[in-house]
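Working notes, structure below.
The values are calculated or read from the model by the stated rules, or taken from the named source; none is laboratory data. Only a predicted model underlies this, so the values are computations on that prediction, with no experimental measurement involved. Note that each Cβ is placed from the backbone with ideal geometry, even for glycine, and that neighbours are counted across all protein chains shown. Just so you know, the surface numbers come from the protein's heavy atoms only, side chains and all, with ligands and any DNA or RNA stripped out. Shrake-Rupley method; radii C 1.70, N 1.55, O 1.52, S 1.80 Å.
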There are 2 protein chains.
Amino acid sequence: MDRKQIRWNGWGRADHHDEMAGREDVWAWLAHELGMPSLLVTPAHPLEDITLAPSRLSDEQKQALSGIAGDLRDDVYERAFHALGDSYHDLLRLRGGDLSTAPDAVAYPRSGEAVLKLLAYASENGIAVVPFGGGSSVVGAVSGGSGPFKAAIALDTSGMDQLVSVDREAGTATAQAGIYGPALETALNADGITLGHFPQSFEFSTLGGWIAHRGSGQSSHGYGRAEDWLIALKMATPQGMIATEDFPPNSVGPDLNDIALGSEGVFGAITEATFRVRPVPVVKDYRGWLFHDFERGTQAIRRAAADDLPVTMLRLSDPEETRFYRAFGSVGKKRGLKDLVQDIVLRRRGFGPGMCVLIAGFEGEKEKVEASRKRFETIARGLGAMSIGRGQGERWQQGRFHGPYSRDPMMDRGVGVDTLETAASWPKLAGLHRAVTTALETAIVETAPRPGALGIVMAHISHFYPHGASLYFTYIFPRQLDNEIGQWQTIKRAATDAIVANGGTISHHHGVGEDHLPWMAQEKGALGIEVLRAIKKSLDPKGVMNPGKLIPD
Amino acid sequence: MDRKQIRWNGWGRADHHDEMAGREDVWAWLAHELGMPSLLVTPAHPLEDITLAPSRLSDEQKQALSGIAGDLRDDVYERAFHALGDSYHDLLRLRGGDLSTAPDAVAYPRSGEAVLKLLAYASENGIAVVPFGGGSSVVGAVSGGSGPFKAAIALDTSGMDQLVSVDREAGTATAQAGIYGPALETALNADGITLGHFPQSFEFSTLGGWIAHRGSGQSSHGYGRAEDWLIALKMATPQGMIATEDFPPNSVGPDLNDIALGSEGVFGAITEATFRVRPVPVVKDYRGWLFHDFERGTQAIRRAAADDLPVTMLRLSDPEETRFYRAFGSVGKKRGLKDLVQDIVLRRRGFGPGMCVLIAGFEGEKEKVEASRKRFETIARGLGAMSIGRGQGERWQQGRFHGPYSRDPMMDRGVGVDTLETAASWPKLAGLHRAVTTALETAIVETAPRPGALGIVMAHISHFYPHGASLYFTYIFPRQLDNEIGQWQTIKRAATDAIVANGGTISHHHGVGEDHLPWMAQEKGALGIEVLRAIKKSLDPKGVMNPGKLIPD
C-alpha cells in the first residue's frame, strides 16, 4: 500500500471524504454535550511547515541497508509517516509538528531472508529497528525513536504482502506477514475461505501486526483471537529465524508461537504466518436487541458463553453509549410520528435511561445460524430483552471500520477522543465498568479547560469468554490547549490505575507499546518481567529491536 | 495418597487384582501372536533384594530441608518410589533392581510458601530438585537423578491436595497442584461441576502434572487440553513465585501461563492452579461405529472437526488395533451362532480386514447431546459406517483407565509393551501412520530375540483439532532379555526418527522428559532451544530444577 495514499497524521486514506464537514448542527450538539459554549479551531500543522532532523545514518550505512533491503527511503513523508502510530496522543504530537521520533530511514524488505540480514546488520551496527506493519497501533508500539541507539530504521513489512499457499485439506493458509487485511481477505475469498479477523483497524493493519500484538477482531468469538487461529510462523530476529511448524497442539514444552504472540517487535519481526481458515459464511445475520439495563445485557452474554453458543459476535453498549449514538443519529432530524410511537413503545415496555443496545452477529451455514440465533433469542427474551431488528445490525456492519475517521474532524475542533480497553472475569466486570467510568469522568472534569466542561464516557462489551469479557471505553473531552499531552496522561493514568485496582488487565486487544509500560510490572510481576527480558536477550542481545516497547527497563 | 499403597515398580495400586493371572489361554494366544513358542518367566526383583546407595544429604541439610518442608523422608520405599516414572524402560530398570536415580530424600511441602523456601535453599546449596506429582510420566520427566549436583531431592506435591475455592459466576475453580484426579473430581462433583480432564493416568496423576506437561485428557475435545482450561497458576521457582491472574485472554505480551505449560519442572514447581469448570454432564452417550477402513474413519473425524461439532471424544482404532482387541476378547470363548451371524452381516456389508472401530462420546445436556450425536451419525453414515451400538461405548468407558495395568503381567512374561504418540496436520496423517507403523514393525523384527518373532503394532486417533489429529501407537514385542534397554532404545529411535521425518510432533500429550530430548532441537530449532535456556536461566540460574529434562544441554 503506497504510503502517500494514507494520512501521516490522521486515520485512513488521504482522499477520505469527511462526512462531518459542514455539519454545524452536529458540532453545536457536541459542544453542548461537552459543556462548552462552542468548539474551537485547532488545525494540524501541515508537513511542509515542520522541520525534520536530518537522517543520522551514514552514507555507508544507507548504502548497506539499501543493498540488503532492496528498498530504503528517507524522504520527509516516509519518515513522518513512520514517526508514530495512530493513538490520540500520537496524533496530538504529529498535528503539533513533533516529529522527534521519526526514524532515520524506512526499509521495505521483500523476504524473510532480507529481514534476517537487515536485523543482523542493525544489531552489529547499533541501529534500532522498529517493525512497522500498518502502523495502526494506538498504544505507541511503532514509535520510530532510536532509544539508546544513535539511529533507527523503520522496518516496513508491507512489501511482504503475498498469500503464499492454501491447504484445503488442513483448512489452513500461509501468507507473508505484511499483507493488509483487505488484500488478505480478497485473496482468501477467491478460494471460498476467510480468516475472519476484523479489528476496527482492518483496512490499515497487517497479518503480522495482528499476531505481534495478540489481537482480536470484532468477530473473535466466531473466528478466534490471533492466538486461536495462528498455527505456525516465521519470526526473524537478530540471532536468526524462529520458525515453528504446523503441528496440532502438542506437549513438547512451551509453544514458541506463544512467545511470538504479543511480542510487539521487541524479539524480532514476524515475516510469515500459517493460520486457520474457514469457509466464507453463506449467511451473515446481525440483529439488534434492547436490554433494560447493562446488568441484564451482561447476563445474556455470560449465559451465551456458559452455553458454548456458536455466535460470531455479541456487542453490548452501556446506557451512555446507547444514549450517545441515538442522540448523535437524530441531530438535525425532525421528530416524526414514528419517533413518538417508538417512545411510547419503549416506555410501555419499561425501557428507560438505563437501556442498552446489543448487536448479535451469527455467520455460517443457514441452518446453524438459525439454530444459534434462536438459542440466543431464548436467552435474550428470558432476560426481558426486545428485538429491534436487522436494520440495527446491518448499520453496525456497514460502519464497523468507520469509527476512527470521526477522530480527525474532532481533533480539528479542540476535542479530544480516545479509547481504552480491558477485560476481567465476570464477577469483577460490573465493578470495573463503574470504577473506570468514574475515573475517566472525574479526570476529565479535573482537567477541563473551563468550569462546567465535562466529558462523554461510554463503554461496550465486545469480546467474551467462558470466564469473563472485555470492556471497551470511548471518552470524548474538551482539550486543555496549553497542556494537551499532560491532560491525556492524567486521564489515561486515572483510568489505568482504576483498571489495575479493580481486577482488569491493562489491555484486552490494543497491546502494551509505550503507553502501558508503567503498569507492566504490576500485571506480569517482577519475575515475569525478568522472563521477558531473558527471552529478549536471547533473541536480541544488543537490544536493537523496537526499543522502549513492551518490556520496562 | 500414601505411597505404600501404590506400586513402586509397576502401575497403580499395590492391591490391584491381576485379571490375567491364570489366564493361560490368553498367554498362549499372545505368544502365538508374537511368533514365540511360549512366553518366559521374568519376575521383578523385590525391593528387599536391592541395595540403595546411602543418601548424600548431610545431616545439616536434612535438618534444614525437613524444617522447611515440614516432612522429609528418606526410607528405602520412598526413595525407590521416586527414582523413576512409569515408562516401559523405567519399569525395566526398576524391575531389574536399578535404583541409581533414586533421590536422596523426598520432601512433602504443604504450601506454596514452603516450596519457595525449599527451592531457594536447594538452589543455594546445589541440590537438584525433581518436582513429582503422581509420578506417572512415561517419558522420563520425574527421574530422580541429581544431574551435575551432589544430591537430589524429590519434591512430592501430593501434600498440597486441597480444592481451594469455586467461583460459580466465573465458572472457575482453584486447587492446589498436588491434588490427584479422583480427589479433584470428587470435590468438584460435590458442587455439580467437573474439570473433565481424564488422561489414562487419571487415577495416579495430579493437576500440576497435567499442566506441567501440557497434557490432554481422553475427553479433550469436549473439555479442552491443559492450555485450554488453565486460567491462572502459581509456579514456585528458585527466584520467586510466578503468579498469573485470572484475566480473560488479553494482549499484554506473551502469556506467562504459556511458559509454565509444558515446563516439566525445569523452571519451577506448580503449586496452585485456577481452571475452567463445567456442569457435570447430565448425559454421557458413548457409542461404537464400524468403518470400512482407516481412511474413511479419519475422514469422519476431520469432517466433525471442520464442522465444529460439539463432541466430547472421537477415538478411531486402526485395522490392527481393531483386530487385536476383537481377537483378545474372544480368546477362550466358543464361537456361537451369534458370532456366525455377525460374520455374515459384516461380510455382506463389505467389512473386511481393513475395518476400524470408532468410539464417539457425547456429554452434556440431553437435547444438545442428541443433536450432536445425530450430526455425527449423518457424517458417519455418509461415509458408509455401521453403528455397533452403546455396548461398545460403555465397555470403553468402563475400561478407560485399565490399560496400564496389563503391562505388569506382560513384563513378568518376557513381553515388552510401550506406547508412543504424535500428531500432525490432516494431509500428513496417513503417511505418518504408515511410516511409524513400518518403523516399529521393522525395528521389532530386527531386535527380536529369535527368528520368526515379531511385534504387534497398533494405533488410534484419539485427539483432533481443526487442522490435524494425534496418533497413539501401542507396540508389544518379545524382549531381548540380554539387551532390554538397548532393544527399547533401538525401537524408540526408529519410531521417533520416522515421526520427525514424516511431519509429526515428537509428543502430542506425553511430554519430553529425558526420552524425547534427542529430538528437541529438531522440533524447536536451535534458536528455540536458546529461548528455553534463557527462560530457565532467569528462573533457575543455578540449574537445580529437574536437571536433564526438557532442554538439551
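Data table
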quantity: Folded to 0 to 90 degrees: helix B:319-330 orientation relative to chain B principal axis, Cα; calculated: 80
quantity: Quarter of Cα convex hull surface for the protein assembly as shown, i.e. mean projection, nm²; calculated: 45.4
quantity: For B:Arg168, label point 7 Å along C-beta direction: distances to other copies, nm; calculated: 5.1
quantity: Distances in nm from A:Gly192 to the matching label points in the other copies, shortest first (labels 7 Å along Cα to Cβ); calculated: 4.5
quantity: Whole-Hz ³J(HN,Hα) from phi, Karplus 6.51 cos²θ - 1.76 cosθ + 1.60, for the range A:456-465, glycine and proline x; calculated: 10, 10, 9, 8, 8, 8, 9, 9, 9, 9
quantity: Percent accessible area from carbon and sulfur atoms, the range A:431-484, protein chains only, probe 1.4 Å; calculated: 52
quantity: Share of alpha-carbon pairs per 10 Å distance bin for chain A, given as whole %; calculated: 4, 17, 28, 28, 17, 6, 1, 0
quantity: Rounded to 5, percent antiparallel among DSSP beta bridges of the range A:105-186; calculated: 30
quantity: Selected from A:Leu47, A:Thr206, A:Pro37, residue furthest toward positive end of dipole (the protein assembly as shown; charges at beta carbon); calculated: A:Pro37
quantity: Angle in degrees between helix A:112-125 and the longest Cα principal axis of chain A, rounded to the nearest 10; calculated: 70
quantity: Cleavage-rule hits (trypsin sites (Lys or Arg not before Pro)) in the range B:26-101: DSSP loop, at most 15 neighbouring Cβ within 10 angstrom; calculated: B:Arg56
quantity: Magnitude of the charge dipole, the protein assembly as shown, Cβ model with Lys/Arg +1 and Asp/Glu -1, debye to 20; calculated: 2760
quantity: At most 14 other Cβ within 10 Å, DSSP loop - trypsin sites (Lys or Arg not before Pro), the range A:110-211; calculated: A:Lys150, A:Arg168
quantity: Pairs beyond 21 Å (Cα-Cα), from A:Lys117/A:Lys234; B:Lys368/B:Lys428; B:Lys150/B:Lys542; B:Lys4/B:Lys117; B:Lys234/B:Lys537; calculated: B:Lys368/B:Lys428; B:Lys4/B:Lys117
quantity: Antiparallel content of DSSP bridges confined to the range A:141-272, in %, to 5; calculated: 100
quantity: Percentage relative contact order, chain A, counting C-alpha pairs under 8 Å, at least six apart; calculated: 17
quantity: Share of carbon and sulfur in the accessible heavy-atom surface of the range A:1-126 [1.4 Å probe, %]; calculated: 50
quantity: For residues of A:496-509, the mean tally of beta carbons on other chains within 10 Å; calculated: 2
quantity: Binned Cα-Cα distance frequencies in the range B:464-547 - 10 Å width, integer %; calculated: 13, 37, 30, 17, 2
quantity: Built amide H within the under 5 Å cut-off of B:Asn546, gap 5+; calculated: B:Val129, B:Val130
quantity: Test item: B:295-307 mean partner chain Cβ contacts at 10 Å; calculated: 1
quantity: Those residues of the range A:233-250 for which accessible area with every protein chain present is at least 50 Å² below the isolated value (1.4 Å probe); calculated: A:Asp246, A:Phe247, A:Pro248, A:Pro249, A:Asn250
quantity: Beta bridges by DSSP in the protein assembly as shown, antiparallel share as percent, to the nearest 5; calculated: 85
quantity: Shielding of B:467-473 by partner chains, average beta-carbon count, 10 Å; calculated: 4
quantity: Surface accessible to a 1.4 Å probe, per residue, for the residues of the protein assembly as shown, Å²; calculated: 37
quantity: Under-5 Å amide H pairs with A:Ala469, H placed in peptide plane, nonlocal only; calculated: A:Ala424, A:Trp426
quantity: Amide hydrogen neighbours beyond the local backbone of A:Ile193, cut-off 5 Å, H modeled; calculated: A:Val280
quantity: A versus B: buried accessible surface, summed, Å² (probe 1.4 Å, to nearest 100); calculated: 5800
quantity: Teacher prompt: A:Gly452 distances to equivalent labels in other copies, 7 Å Cα→Cβ, nm; calculated: 10.7
quantity: Degrees, to the nearest 10: B:484-501 long Cα axis against longest axis of chain B; calculated: 70
